[in-house]
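Have a look at the structure below, then the notes.
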Amino acid sequence: METSREPVVGCGAGVMPAPGDGCTAAVRPEGAAVPPEGAVAGGEGCPSATDVALLEGWHGIARGLGGVQEGLSAEVARGSRVDPAAVQVLWFLLTRPGGAVPMNQVSRLLGFSTAGTTKVVDRLAELGLIQRRPSPEDRRVTFAALTPHGRETAGDLASDLARALRERVVGVIGEEGFATLVTLTGQLSQGAGPCGA
């Protein structure tokens, strides 16, 4: 019977070696015990079963959080003219002083290239939700800033997002579980403020 395989990092990234390459022992059947730290899973250069378990666990966390974020943004965007990526930009701007941030922070938030970020910002500008303006300190830096209409829209979307979050996350893991998740992820991001701010 063949053991089903799933990439350890990234959906469909194919990080784990294919069967028959000498590392197949690194894949544990479901429910199998994890060997002691440092145990060799199979073949020179192959990860130990302990490392595989660690990577699979992290992949599950990343995939779970990413999937929830995408689902929440898509749910909130449904019924509006704002796409999921734009929802993230609007609520982020809503929480920033003056409702404005440099464009490079928007790029970091979305994980998009400059060109990809420009498309999202252009769309929001066309809808009259944000405007570009030069930084008062450095004219070479451009800010994305909420318009009054954008602030109102962002507030409505943020309320919808909070409602969906309560239903789809807090409703599943509970308030205590959510508080623990916030604490633990906060520890991971200590020293690197929001979007590198």
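Which of the residues spanning region 121-149 are outside any strand (DSSP E or B) and either modelled with pLDDT under 90 or of a type in the set (Lys, Arg) (or both)?
Residues satisfying the conditions are Arg123, Ser135, Pro136, Glu137, Asp138, Arg139, Arg140, Val141.
For a quick check of your reading of the model, give me the residue pairs whose first member lies in region 128-151 and is open to solvent by less than 20 Å² (accessible area, probe 1.4 Å), whose second is basic (Lys, Arg), with beta-carbon atoms closer than 8 Å and at least 6 apart or on different chains.
Ala144/Arg132; Ala145/Arg132; Ala145/Arg133
Could you please give the count of residues in region 46-78 that are of a type outside the set (Gly, Ala, Ser) and not in a helix (DSSP H, G or I)? Let's see the steps before the verdict.
The first filter runs over region 46-78 and keeps only residues of a type outside the set (Gly, Ala, Ser), leaving 46-47, 50-52, 54-56, 58-59, 61, 63, 65, 68-70, 72, 75-76, 78.
So of that shortlist, the ones also not in a helix (DSSP H, G or I) come out as 46-47, 78.
Number of matching residues: 3.
Among residues belonging to region 105-120 that are in a helix (DSSP H, G or I) and free of Cβ contacts under 8 Å to residues at least 24 places away in the same chain, point out the one that is most open to solvent (accessible area, probe 1.4 Å). Write out each step before concluding.
To start, the set of residues in region 105-120 that are in a helix (DSSP H, G or I) comprises 105-110, 114-120.
With the extra rule that they be free of Cβ contacts under 8 Å to residues at least 24 places away in the same chain, the set shrinks to 107, 114-119.
On the way: Ser107: 24, Thr114: 108, Ala115: 66, Gly116: 21, Thr117: 2, Thr118: 48, Lys119: 152 Å².
Taking the candidates together, the pick is Lys119.
Does Ala179 satisfy the condition of being surrounded by 12 or more Cβ atoms within 10 Å (Cβ to Cβ), within 22 Å of Gly64 (Cα to Cα) and either among the polar types (S, T, N, Q) or out of contact with any Gly (no Cβ under 7 Å at 6 or more places or on another chain) (or both)?
Here the answer is yes, as Ala179 does meet what is asked.
Just to be sure before I move on: is Thr185 in a helix (DSSP H, G or I), crowded, with 17+ Cβ neighbours inside 10 Å and modelled with pLDDT under 90 in the structure I sent?
Working: in a helix (DSSP H, G or I): yes; crowded, with 17+ Cβ neighbours inside 10 Å: no; modelled with pLDDT under 90: yes.
The answer is no for Thr185.
Here's the yes/no breakdown for (1) under 23 Å from Phe112 (Cα atoms); (2) modelled with pLDDT under 80; (3) of a type in the set (S, T, N, Q):
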| residue | (1), (2), (3) |
| --- | --- |
| Val9 | yes, yes, no |
| Cys23 | no, yes, no |
| Arg28 | no, yes, no |
| Glu44 | no, yes, no |
| Asp51 | no, no, no |
| Gly57 | no, no, no |
| Val68 | yes, no, no |
| Arg81 | yes, yes, no |
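The values are calculated or read from the model by the stated rules, or taken from the named source; none is laboratory data. It should be emphasised that the depicted structure is a prediction, and the values quoted were computed from it without experimental measurement. Quick reminder, even Gly has a Cβ in these numbers, built from the backbone with ideal geometry, and neighbours come from all protein chains shown. The area values use the complete protein model at the heavy-atom level, side chains included, leaving out ligands, DNA and RNA. Shrake-Rupley method; radii C 1.70, N 1.55, O 1.52, S 1.80 Å.
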